[in-house]
Amino acid sequence: MKITYTLTDESPALATYSFLPIVQAFLGKVGIPVETSDISLSARVLAQFPESLKESQRVKDALKELGELVNTPDANLIKTPNISASIPQLKATIKELQGKGFAIPNFPDEPSNTEEKTIKEKYQKVLGSAVNPVLRQGNSDRRCTKAVKEYAKKNPYRITPFDKNSKTRVSYITKGDFFDNEKAILIKDSTTAKIEFIGKNGSEILKENLKLDKNEILDATFMSVKALRAFYAEQIKICKQENILLSLHLKATMMKVSDPVIFGHAVSVYFEELFDAFSEELQKLGVNPNNGVSELLTKIENSPKKQEILAKYNEILDKSAPLSMVNSDKGITNLHVPSDVIVDASMPAMLKNGARLWDKEGKECDTNALIPDKTYATIYEAVVEDLRANGTLNPSELGSVSNVGLMAKKAQEYGSHDKTFIAKEDGIFKITDAQGNTLLEHNVEKGDIYRANTAKFDAVQNWIDLGIERADLTGSKAIFWLDAKRPSNKIMADLVQARLKEKGKDIAILAPKEACLESLKLIRAGKDAISITGNVLRDYLTDLFPILELGTSAKMLSVVPMLNGGAMFETGAGGSAPKQVEQLVEENHLRWDSLGEFLALQASLEFYAQKTNNKQAEILANCLDSAIGKWLNNNKAPSRKVKEDDNRTSHFYLALYLTEALANNNQDSALQSFFKGIFEELNANSSKIHEEFIQAQGVKVDLGGYYELDAKKCSEIMRPSATFNAILAKIK
Ligand code: NAP
Ligand code: MG
């Protein structure tokens with residue numbers, strides 16, 4: 001067994017330049033092989049086009065290799081977050097790579113021949129959430145370790161008080177969304193199904209060879225575009241009347257087929273007058289509202305109508321509902337880029353901020369948070385209701401909500417991209433089995449957004465068992481978050497009931513809103529709770545509760561016990577923190593917190609020790625555990641400010657404490673005496689090393705790229721302490 005460490009994007013990729021050499025030194029010392037695997041967005045792009053590249057420029061398809069590894073019992077993977085690219089991000093990556101001499105093709109927005117179609121298909125493979133679904137061949141177990149929770153209670157983050165008169169609310173479609181239109185069945189016999197669309201000119205096969213296994217849950221649903229547009233129009237009016245910010249919260253990265261369209265309708269409804277008045281010109285320029293206002297503003301740059309369009313744009317911004325801002329200094333609104341506001345991060349961030357967002361002057365204001373589909377919107381509604389009824393949460397007293405989430409085998413909505421379609425005209429979406437029996441059928445109107453979802457029986461069963469196991473192990477109150485009003489959830493709840501009965505267990509099943517209110521009640525009383533949820537709530541909740549409890553989801557332990565016996569350890573539940581890269585470039589300070597990486601490494605070492613019976617690995621795992629405890633107690637997490645401790649110093653202190661723990665271990669005398677020497681040297685030089693780290697800050701730095709980082713430059717930037725580097729090099 002080896003440990004595989006991924007190389008990804010943005011902040012975690014930068015942190016890795018500093019942290020990985022430390023990992024390699026310590027693990028190397030006890031003979032644990034560490035391999036890296038580059039699954040950054042740029043590497044994934046390059047891997048698609050070997051034929052366009054020179055021999056020396058080609059990269060292997062690392063994701064494909066990892067996809068095979070995770071299905072073996074020996075998989076032991078440490079995974080840092082990667083970019084889930086929106087189209088604008090993908091285009092920026094292509095441009096950067098082309099500028100560096102990689103002769104890859106442009107992204108064809110609308111392919112006009114087979115060659116362009118092939119190119120677009122290749123690019124589709126790297127768009128959106130393309131990595132996690134491949135790697136996550138198991139369900140998910142996310143929690144906060146005891147040490148982290150204790151630390152967070154003693155050192156609560158600063159939550160902004162919630163004003164009970166706040167006008168903030170969560171709004172969703174009352175009739176016609178995915179929730180309302182869902183139909184589901186439990187597959188009786190394994191079959192191969194197809195999805196077709198039947199319009200006025202006959203039938204078109206949209207998907208063939210959809211393998212469905214016995215006892216698999218199949219569901220399908222659609223969002224009515226008429227209902228969606230009416231909803232936007234009404235909410236815009238309400239925001240204007242009440243003078244509260246309009247904010248839209250979607251997941252255009254993960255839900256890469258449906259959500260950009262839902263986003264695009266918001267753009268075209270909000271700027272309806274502009275799209276009407278200039279429809280011909282905008283069409284000529286290839287403006288697609290799904291890509292946001294930012295693309296519109298770029299594409300009109302050379303248009304003869306630029307001034308007129310801009311005047312209209314500003315007129316609408318002035319007279320319509322005030323938009324929430326992503327960056328008020330730069331005039332970037334919520335509607336600029338589909339991937340700027342991502343619901344699972346944006347809603348908790350807003351909620352801990354007194355349920356306020358920022359207006360165009362940068363002032364904090366109440367907001368009408370639009371989450372068009374009510375399936376999951378109600379959990380945020382629950383939090384707002386709870387805040388109004390019970391006041392601001394107190395992080396120094398809160399219990400903790402951990403999560404056991406269904407994730408394996410591309411479960412549910414997060415595996416639906418290849419089964420999501422926009423209706424070209426009024427008609428019928430129909431799924432039929434191999435015998436031609438209709439499984440599910442939906443009448444839709446032109447533009448409606450349709451999707452089919454599946455959940456495999458073995459994945460569901462494994463998830464239920466994992467939930468029961470965590471409940472037994474912790475004694476915490478567990479709740480299955482399933483809504484019996486949703487046909488797919490009803491089937492799942494029946495499977496849960498059957499399994500609970502078989503095992504003689506009693507665990508509550510509640511609809512998401514009620515489950516959320518109940519969980520809030522429990523943690524307000526200082527108790528812990530376990531949320532056992534489907535795939536989307538897994539994602540949303542492992543940001544929501546950690547952010548409310550700890551201020552960030554980066555401090556979470558995130559384990560994926562794979563169905564085939566291996567394991568993946570993800571770092572926290574947070575993303576790749578792009579804003580922090582800007583700060584690094586501006587003033588050479590990186591405030592990325594690597595606690596998630598530390599916890600993942602610790603758990604990965606434990607797993608390694610268990611699997612291989614390697615005693616030294618076990619000692620290293622235990623010493624790392626105590627080093628993390630000391631690191632927390634001594635408050636060595638990065639500060640936000642330049643010339644103070646940052647990501648790099650935080651790595652140094654972890655290495656120092658780990659060395660100390662190894663020097664004090666009483667199980668392996670060889671390790672003890674070796675690390676005694678190293679510890680003395682590190683300890684004696686610690687002020688000097690700290691000084692070298694701080695001295696390096698306060699200047700602009702050049703990473704040699706954004707999506708394709710220059711390894712040499714980044715390594716130099718991220719490892720500025722010659723003294724530390726020299727001592728680390730002695731660990732052999
Ligand atoms: P994000 O990168 O998590 O950033 C949101 C904010 O969370 C950051 O600005 C930062 O807040 C805080 N944060 C998250 N992790 C942190 C850490 N380790 N240390 C310190 N602060 C941390 O979320 P996003 O903007 O929604 O997503 C950015 C990109 O990451 C997207 O491309 C997204 O698809 C991807 N993503 C990947 C994964 C994954 O691979 N598992 C998961 C989620 C998102 P402040 O700076 O304001 O304090
Ligand atoms: Mg998330």
* **Selected from Gln98, Pro12, Gly504, residue furthest toward positive end of dipole (the chain; charges at beta carbon)** => Gly504
* Structure fact -> Given Cβ charges of +1 for Lys and Arg and -1 for Asp and Glu, the option among Leu495, Ser52, Phe179 whose Cα lies farthest towards the positive end of the dipole of the chain is Leu495
* Highest-first arrangement of 630-638, 364-372, 541-549, where packing means the average Cβ count within 10 Å -> 541-549, 364-372, 630-638
* Structure fact -> Regression test value, accessible area per residue of the stretch 254-339, probe 1.4 Å, units Å², expected 44 Å²
* Once the Cβ-Cβ distance between Glu441 and Glu315 is put in as r, and R0 is 45 Å, what FRET efficiency do you end up with, to the nearest 0.05? -> 0.50
* For the stretch 228-291: rounded, prolate or oblate by the Cα gyration tensor [a/c cutoff 1.5] -> oblate
* Provide Asp189, Asp344 ordered by accessible surface of protein heavy atoms (probe 1.4 Å), highest first. => Asp189, Asp344
* Structure fact -> For 144-156, 122-134, ranked highest to lowest by mean beta-carbon neighbours within 10 Å, the order is 122-134, 144-156
* Structure fact -> So the carbon and sulfur contribution to the accessible area of the stretch 434-557, 1.4 Å probe, in percent, is 47 percent
* Asked: Averaged per residue, what accessible area in Å² does the stretch 574-732 show with a 1.4 Å probe, protein chains only?
  -> 43 Å²
* Could you calculate the FRET efficiency of Asn201 with Lys226 from 1/(1 + (r/R0)^6), where r is the beta carbon distance between them and R0 is 25 Å, rounded to 0.05? => 0.65
* Asked: Is it possible to state the helix-based mean residue ellipticity at 222 nm for the chain, with each DSSP H run of 4+ residues giving -39500 (n - 2.57), the sum divided by total residues, to the nearest 500 deg cm²/dmol? What is it?
  -> -14500 deg cm²/dmol
* Calculate what fraction, in whole %, of the accessible area of the stretch 254-339 sits on carbon and sulfur atoms when a 1.4 Å probe is rolled over the protein chains. => 48 percent
* Structure fact -> Nearest 10, in degrees from 0 to 90: the angle of helix 686-696 to the longest Cα principal axis of the chain is 40 degrees
* Electrostatic dipole magnitude of the stretch 111-150 [Cβ: Lys, Arg +1; Asp, Glu -1; Cα centre; debye, to 20] -> 280 debye
* Near-label residues of the stretch 7-29 by backbone N, under 18 Å of a point 7 Å along Cα→Cβ of Ala670 -> 25-29
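The values are calculated or read from the model by the stated rules, or taken from the named source; none is laboratory data. This structure is a prediction, so every number in the text was calculated from the model and none was measured. Counting neighbours? That spans all protein chains shown, and the Cβs are built from the backbone with ideal geometry, glycine included. Only protein heavy atoms, including side chains, enter the accessible area calculation; ligands, DNA and RNA are left aside. Shrake-Rupley method; radii C 1.70, N 1.55, O 1.52, S 1.80 Å.
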